[in-house]
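The values are calculated or read from the model by the stated rules, or taken from the named source; none is laboratory data. Treat the numbers as computed from the prediction; the structure is a model and nothing was measured. Glycine also receives a Cβ, built like all others from the backbone with ideal geometry; neighbour counts cover every protein chain displayed.
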């Protein structure tokens, strides 16, 4: 195994992590910013007001994007495991 192949595998893993986590992170960011603007405008400082919408948004995002995320991860693992003999040998 050459250093280049290790770097290629590491880069692919990082790209996969970013690709799979992006929908959840973006939805959480948008909901958090919206709730923060609402709290600043109304001067309501209740901690549950920022927590509950984020949890609901994440659950909805997992319900919608979960099958896609699972398919992407399974395809990546299939590529890694089928290419393993060529990497090692």
Cβ pairs under 6 Å, 6+ apart or interchain, first in the stretch 38-61 and free of Cβ contacts under 8 Å to residues at least 24 places away in the same chain, second assigned to a helix (DSSP H, G or I), ordered by first then second residue, are 50/35; 53/31; 53/35
Checking 9, 64 in turn, the sole residue that is in a helix (DSSP H, G or I) and either over 30 Å from residue 83 (Cβ atoms) or under 15 Å from the mean Cα position of the chain (by Cα) (or both) turns out to be 64
Exactly one of 58, 20, 27 is closer than 30 Å to residue 6 by Cα, modelled with pLDDT of 95 or more and surrounded by 12 or more Cβ atoms within 10 Å (Cβ to Cβ), and that one is 20
Of the residues in the stretch 30-46, those that are surrounded by 12 or more Cβ atoms within 10 Å (Cβ to Cβ) and either modelled with pLDDT under 90 or more than 23 Å from the chain's Cα centre (by Cα) (or both) come to 38, 39
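State yes or no: is residue 65 touching a residue at least 40 places away in the same chain (Cβ under 8 Å) and surrounded by 10 or more Cβ atoms within 10 Å (Cβ to Cβ)? Break it down into steps so the answer makes sense when it comes.
Working: touching a residue at least 40 places away in the same chain (Cβ under 8 Å): yes; surrounded by 10 or more Cβ atoms within 10 Å (Cβ to Cβ): yes.
When the stated conditions are applied, residue 65 passes them.
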